[in-house]
Structure formats: structure tokens, C-alpha cells
Amino acid sequence: MSDLPSLSATERLIIELLANHEELFGLRMVELSQGRLKRGTVYVTLGRMQEKGYLESRQEPLPEGAIGLPRRLYRPTGLAMRILAAWKAAEAHYIRGVHPQEA
Amino acid sequence: MAITNRALAFASRWFDEATVRRTFEPLIADWQREWQDASGARRLWVSLRGLSAFICAVAISSPTIIATPVPPSISWRVAKRIAVFCLVVAGALSIPILRARDPIEQDAPLWAAMLLMAMPVAFTMAFPFAMVMAVDAIRRNAAVPPHVERAAAMKLGVIAVCVMLTAVGFVAPLASQEWRAVSTPAGWNTPQPRLQQLSIVALLIHPERDAAIVPGHYTRAGEIRRELINRSVLSILPAMFVWLRWTALGRPRRRFWPLPAVLMTPLVMVVFLMAFYSGFILEHEWALQPGTGLFVPPIVFGLWSLAEQRLARQPWRARSAAPHEV
């Protein structure tokens, strides 16, 4: 159990969102999270998750006539999906142990 | 969108390349696109929301500035310059202090003990002015990225304020009282401390402050307030000088400006003394609240730094900007 990488609630939420939508940019994640992600902190978290190897990203090509920086699209790595699955399994195991009737 | 360009420039100056690429570029890209997609009054709302998100991201990422490693060669050069400057100036300032007492000339061990106690007081007077030379050691003759230079300057400012707070808050007052005790001729009573000889803690809460001698013409509460303001101002002074020199070096080099550190340091000393005494006179002439005049030096140096910053942004000057300012 101690070898299982940590996953904060925010990181888990981001991976779950990305697992459902394939690729998203930061602001869209904030919108989809219904207030659980904040736009002031989400980019810092995304940066850290990239450092940990949980996320991959690519720059979206700029649309015709658009100016400024290209948006960055994120998608989860295989590592993130395996960690999420492991945490879900651990959570289910814990719930079965504490509240057998709920399981 | 000018505000996003400024935000990106700000982030690039303060943070390393990886943090800018991973955190700030995506934030600003989303902000720009949202602004382009919005129309009319909503654009103002988008700008404000984006700005608050940017400020929040800067605040959260700011510990990385302190964690930015500074090359040991720079740290060593800064420490050496501060040590040499303080030793020379504090030594020079100690001479009149020591010569003021006649009996010590006949007693070498006593003279040595008094020198030791006079030094902290002299050090607190010299230390803030060492910042001009220290900043030069960071920003000149060092081929390091701008964010490392800024991290080094910020660390210098924070450490200098802590050192100064310890010196003026605790070490210098206690050393001063010890000095008075040692220099009292044999058979005389040790003089009771004045407010200047009490530590910050004693000034704030200790009953000792009620027994201390109050030499000025204010009430005891007024004198305590003045003393606390004086020490607070002295504590932030090094950070103000770091900022001043930093902004001065940000300006493109001209024939006479920025002045070399050996000329800038005495200029800063003279301006400080003038501002200090102007504040003192203003406070008394206009019967202001005790300690109000002590705010004059930080205001003067703040305005000076802002003026330097403004001049550095002049377009006609920017053409000849130093490479690290690009």
C-alpha cells in the first residue's frame, strides 16, 4: 500500500474529468467541475501533475484569425489511469470493511 | 490584450522556464481565448477574473522563487561585500562612540569590552547601506537568468530584514545597555535603561517599559510608539535599498547613471539623513502624532524607486536596454 503514489482529491477529480472527456484545457475543466476546481489553482495543479507524469499535454493549433498563445490540452497518462483504478479499488475495499451493508 | 502580455512578461521575469511553460502559459492562453470569445461588457469581467486567477497562481507558485538555487559564487560575493562594508563603516562609526568616554583610555581590557558592545550599534547603522553594493554583486558581472537574479535579490531582501529586525530589536538595545553598564565609573550605580535600551518584546509587553527612563517630550505611550515605529522603519530599510538599487540598475546605462555603488552608497546615506531629519522637523513643527515623521525616509526611497522603475520603462530608453531586461 505504501508504494501506491498519492493522489489528492483535486488530482483525482482532474483525472476523472479527463478520463470522461479524453482531452480538455484548463478553463473547460473548471467549468465541468461545477465549482470544485478554481481557475486560480487549477493550472498550478495541472503543472504539478505533468511533473509527476500523470498528465500529457499538447498545444492546440490556433484557429484562423485567433491571436495570442495557443491553448494547452491535457490528457491522462496510463500511469494516472492505473493509479486512479488502484485508488478506486482501495476505496471500495475500505468501504466493504467499514460499512459491509453499503457494499 | 495588453494585460495578458504584461502578465506573461511578469511571470517570465520571476519564474523559471518550466513553471512559466506549465502553469502561466496555459492560464494566459485560456484567459486570452475567453476574452476574444467574449463581447462588450463581459470582456471586462473576463479580464478581472483572469487577473485574479493570475494573482492567485503567482501567490501559490511563489515558494518556487525562494527555492530557486542561487549560484554559490553570487552568495559568496554578496556576503563578502556586506561583511567588508559593515566592518569598515561600523569600525569608523565606533571610533567617536569610544572616544566619548575618557576613562577607557587607561584600561585596555575595558576598552576591548566596550568596543565589542559598541559594534552592534554601529553595525545596525551600517548594515542597511551595504545593500547597494550587495545588489551590484547580484546584478552585475553575473551571467545568470533573470529569474535567478530576482530570486537572489528577493532572498537578500528577506534575510536582510530578518537580520536587521534581530539587530535593532534585540542585539543592539541589549548591547547598548551593557555598554552603559561597563562604561559607568566604579562606585557609581548602573544607569537605568531608557526605551532605546529595551528589546522589542520589552517595549511591547514587558513591565520593564513602565520603569524605563523616557527622555523625550512625548508621553510614555507616545515615546514607546515612536521607538517601535523607528525600529520597524529601520528593519525594512535594507529591503527598500535592495529595491532601489535593483530598479536603478534596471535602467539602461548612461554616462552618469546608474551611479557606481561607491558613489550611490554615500548618496543614499545623505538622502536618508536628510529625509530622517526632515521627518523629525515636520513631526515637531506640525505637532504630528509621535513617530509620524519616521515614515518620511521610506516614503522618499519608495518614490525614488518608483521613479527609477518608470524611467526604465520609457520607450526611448528601452531601445538601449541591457540584455537581461529584454
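Only the coordinates and a few stated rules stand behind these numbers; no lab work does. Every value quoted in this text rests on a predicted model; they were computed, and no experiment measured them. A quick note on method: Cβ atoms are made from the backbone with ideal geometry, for glycine too, and the neighbour counts reach across all protein chains shown.
Amide H to amide H distances under 5 Å link A:LEU55 with A:GLN50, A:THR77, where only residues 5 or more positions off or on other chains count and H is placed in the peptide plane.
The gain in end-to-end length when the B:ALA186 to B:ALA18 segment is fully stretched comes to 53.8 nm, 0.36 nm per residue minus the alpha carbon separation. Entry note, chain B: the mean residue ellipticity at 222 nm calculated from DSSP H runs of n ≥ 4, each adding -39500 (n - 2.57), is -22500 deg cm²/dmol after division by the residues and rounding to the nearest 500. Legend: mean number of C-beta atoms from other chains within 10 angstrom of residue C-beta atoms, peptide B:17-28, equals 6. With a simple spin-label model that places each label point 7 Å from the Cα along the Cα-to-Cβ direction, the separation between B:ALA92 and A:SER6 comes to 5.3 nm.
Amide H contacts of A:PHE25 (H built 1.01 Å from N, in plane; Pro and chain starts excluded): A:TYR74 sit under 5 Å, all sequence-distant by 5 or more or on other chains.
Taking the Cα centre of chain B as reference, the dipole from Cβ charges on Lys and Arg (+1) and Asp and Glu (-1) amounts to some 1240 debye. Note on B:TYR218/B:ARG310: beta-carbon distance plugged into 1/(1 + (r/R0)^6) with R0 of 41 Å gives a FRET efficiency of 0.60. For A:LYS52, a cut-off of 20 angstrom between C-alpha atoms picks up these lysines, skipping any fewer than 8 places away in its own chain: A:LYS88.
Using a cut-off of 10 Å between beta-carbons, work out the net charge of the residues near A:THR45 (Lys and Arg +1, Asp and Glu -1, A:THR45 not included). Here the count lands on +1.
Full extension of the segment from B:VAL201 to B:LEU288, taken as 0.36 nm per residue of separation minus the current Cα-Cα distance, would add 28.8 nm.
Take peptide A:71-78, look around each residue's Cβ out to 10 angstrom, count Cβ atoms belonging to other protein chains, and average those counts. Spell out each step's value before the answer.
Numbers: counts 8, 7, 1, 1, 0, 0, 0, 0.
Mean partner-chain Cβ count within 10 Å for A:71-78: 2.
Please give the contour-minus-distance gain from A:ARG96 to A:GLU23: 0.36 nm per residue of separation, less the Cα-Cα distance, rounded to one decimal in nm.
23.0 nm is the gain from fully extending A:ARG96 to A:GLU23.
Which residue, chosen from A:SER8, B:ALA2, B:HIS217, occupies the Cα position most advanced towards the positive end of the dipole of the protein assembly as shown, where the dipole is computed from +1 (Lys, Arg) and -1 (Asp, Glu) charges on Cβ about the Cα centre? In the protein assembly as shown, that residue is B:ALA2. With the simple spin-label model, which puts each label point 7 Å out from Cα in the Cβ direction, the A:ALA66 to B:CYS162 separation comes to 4.5 nm.
Within the straight-line cut-off of under 17 Å between alpha carbons, the lysines reachable from B:LYS155 are B:LYS80, sequence neighbours fewer than 8 places apart in one chain being disregarded.
For B:VAL78, B:VAL182, what ranking results if the residue with the fewest other Cβ atoms within 10 Å of its Cβ goes first?
Numbers: B:VAL78 24, B:VAL182 15.
In order of increasing Cβ crowding within 10 Å: B:VAL182, B:VAL78.
Each peptide in B:185-195, A:67-77, A:43-53, B:284-294 receives the mean, over its residues, of other Cβ atoms within 10 Å, and ordering these scores from highest gives A:43-53, A:67-77, B:284-294, B:185-195.
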